[in-house]
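Just so it is clear, none of the values below were taken in a lab; they were calculated from the coordinates. Since the model is a prediction, treat every value here as computed from it, not as a measurement. Every residue, glycine as well, gets a Cβ built from its backbone with ideal geometry; the counts of neighbours run over all protein chains shown.
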Amino acid sequence: MLGKNLTIIGGSGGMGRVFARYFKKHGFKIILYARNEEKLEQTASELNVKYNLSLKESVKDADIIMITVPITSTVDIIKEVVPLLKPNSLIFDITSLKHDIIKVYEGIKNEYPINCLSLHPMFGPGIKDMRNYVMLVLRVGGTLNYNEIVKNLLDLFKSDGLVINETTPEFHDKKIAMTLGVPHMFNILFLNLLRRLNEPLNELTNYTGTTFLLQKVFAESIIQREMEMFGDIQMQNKEFYKLLDEFEDLLKDYKKIIQNKDKKGFFDIFTKGLNYSKEDNHFKESYKYFYEFMKILKK
């Protein structure tokens, strides 16, 4: 049975707020914990939930403990909090990298009578409705009640339309390098290339059509989000290093094609990208989506 006392460690952050609202709506008793007293008190007041400045006191009665702190702090927080938990409680994190986290959980579940789960919500703090968003799930294990407790939590998410995808740490980190690391990198580099050319974005907008405008707005929305998280997703993920090598080779090949005015080479790389895209479910409607976005921008 899923208990109703829930503590969110890192509760004053964006994702802490999202899940505090979510679980409160479902009747959970929420306690927030964070190290910044002023921000923590303000957040608790806004959400009308309790908070505690003592880590020990904040988790002593918790049935569920959610960890939402920076990637580089997650392992240390887990190790610090686990000895304070009551038997049969459930601890889960929502960090964007899983290899080291799962290794820590594996040791913990053999030493303490608690349940360990790792989640990765594939959405950010600006979300209003979780329907049709993806939640990645990595099961670890724990007490005899583990399967029932985890099922109850996942069923709750499913009831609100979240799409649950179960995976492994190796598979997770490889895919995240592609789906988060690569887009973040491209948008950071896109803005910095233009910056190096000393071109104000407002000026460039006067000389552009739809493609540049959409790319610019997308990049600007990305760059306003958490710098530390973006850096950690790339710097702490060994799988991303491999992608950087591939990207470097690809850029060298592309540079040769352009400099040599190699139309056959350009046709080849363009066609390979096109054929690869055709396998995607969104391909046929992509141009329609593109102009739907443009309609929003034009408003």
Residue with peak Gaussian network fluctuation, the chain [Cα springs, cutoff 10 Å], from N206, N192, N36: N206
Kirkwood hydrodynamic radius (C-alpha pairs) into Stokes-Einstein, the chain, 10 °C and 1.306 mPa s, D in µm²/s: 73
Approximate spin-label separation K86-L189, in nm, with each point projected 7 Å along Cα-to-Cβ: 5.2
For the chain, calculated [θ]222 nm from helices alone, where every DSSP H run of n ≥ 4 adds -39500 (n - 2.57): -17500 deg cm²/dmol
Centre separation in Å (Cα based) which lies between the stretch 207-237 and the stretch 115-153: 27
Among beta bridges that DSSP assigns inside the chain, antiparallel share in %, nearest 5: 20
Order of T143, T208, T7 under a 10 Å beta carbon neighbour criterion, fewest first: T208, T143, T7
Most mobile of E170, E248, E41 in a GNM of the chain (Cα contacts under 10 Å): E248
Loop-located chymotrypsin sites (Phe, Trp or Tyr not before Pro) in the stretch 43-115, at most 10 other Cβ atoms within 10 Å (DSSP): none
Approximate spin-label separation E248-N281, in nm, with each point projected 7 Å along Cα-to-Cβ: 3.6
Amide N of the stretch 153-195 lying under 19 Å from the label point, which is placed 7 angstrom from the Cα of N132 along Cα→Cβ: 157-165
Share antiparallel - DSSP beta bridges, the stretch 96-202, percent rounded to 5: 60
Under 20 Å from the R225 label point (7 Å along Cα→beta-carbon), backbone N, the stretch 1-43: 10-22
Where only alpha carbons of the stretch 171-260 are counted, the Rg and the Dmax (Å): 15.0, 44
E148, E246 arranged by Cβ crowding within 10 Å, fewest neighbours leading: E246, E148
Stokes-Einstein D for the stretch 5-167, Kirkwood Rh over Cα pairs, 4 °C, 1.567 mPa s (µm²/s): 82
